[in-house]
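Student: Can you keep this structure in mind? I'll have questions shortly.
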């Protein structure tokens, strides 16, 4: 090993954290290499100096009883806070869950009711909306059969003596309706 | 190294037993306070940092898995707080009050005045280093930690720790007057 490699391991050598072989190798090297020995000793002297300086500068500092008291008090104060938070957490969680369930339920209800209303609508070529069948029209064929995915509804307009035929489609634009005179039907 | 006694405190500390909190603060408070002071250079800030360290430790003791010693874990928290402070303040050193501290330190009046002055000069030089380099220097030379332990606390690689130490010591040597360089030798010789 070259001097550079040994010098890189000087700290670990002092720590005694190297393997026995390498430790012994460095010890032997320090005996024969003046420069490496100087570096090792210089580090040792600096270490002694810094330790003494830092010890002296801090020797008067001692943790005081008031800090111990404050920290013990802080520990005591922390307890109810944690309890209070847990209590709020305990109450808030079910409430928020309930609100979410309510919102979901209401949304489903609104969507469902609007769909039901849609189902009651009859789309005509010239008019779209709720068509009041009870008022002046009656369904002649309550079975209303499906034909090629279309619902054909025949309605009777007593007032104007005519039949109406509605051929519905899933696409409202393709839904058609036409009227026939009653006589013509007969 | 973790002692059996420490494990007992940690268990009690985890349960939040007031006596164990007092014990942990009494045992580790002073070393942490001294390190905090070396890091930030201000006694007031050091007290705040240590207080915050223990508050965070009490709050998150359940996260302590016991892989390192409790002191290492606490030191990691302290270092995080120090780094946060540095980021907040955007300056490398706290406004130091280390000069005033010695007046109430109760140091023996017969203490060699010359050496005292020299020590203060070295300490002021440490304070001029960047936070990362100061951090590495304190962990190594004040806490006496091994490279692997410093890497664990500072959450950097061993290579980074060594590079920071090398840079910090070189920077100190450059700014250190030649008369102070011999101070280390005399301290070492006195010990022998």
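The numbers here are math on the coordinates, done by the rules we state, and not lab data. All figures in this text were calculated on a predicted structure; none of them were measured in a lab. Counting neighbours? That spans all protein chains shown, and the Cβs are built from the backbone with ideal geometry, glycine included.
Student: For a quick size check, give me the Cα extents of segment B:1-98 along its three principal axes, largest first, whole Å.
Tutor: Projected onto the principal axes, the Cα atoms of segment B:1-98 cover 40, 24, 22 Å.
Student: Enter the per residue convex hull volume of segment A:3-58, computed from alpha-carbon coordinates, in Å³ rounded to the nearest integer.
Tutor: On the way: hull volume 4.2 nm³, N = 56.
With only Cα atoms used, segment A:3-58 gives 75 Å³ per residue.
Student: Mind giving me the FRET efficiency for residue A:181 and residue A:93? R0 is 56 Å, r the Cβ-Cβ distance, nearest 0.05 is fine.
Tutor: Efficiency at R0 = 56 Å is approximately 0.20.
Student: Between residue A:22 and residue B:56, what's the calculated FRET efficiency when r is the beta-carbon distance and R0 is 35 Å? Round to 0.05.
Tutor: 0.30
Student: Take residue A:100 and residue B:84, extend 7 Å from each Cα along the Cα→Cβ direction, and tell me the distance between the two endpoints in nm.
Tutor: Rounded to a tenth, the inter-label distance reads 3.1 nm.
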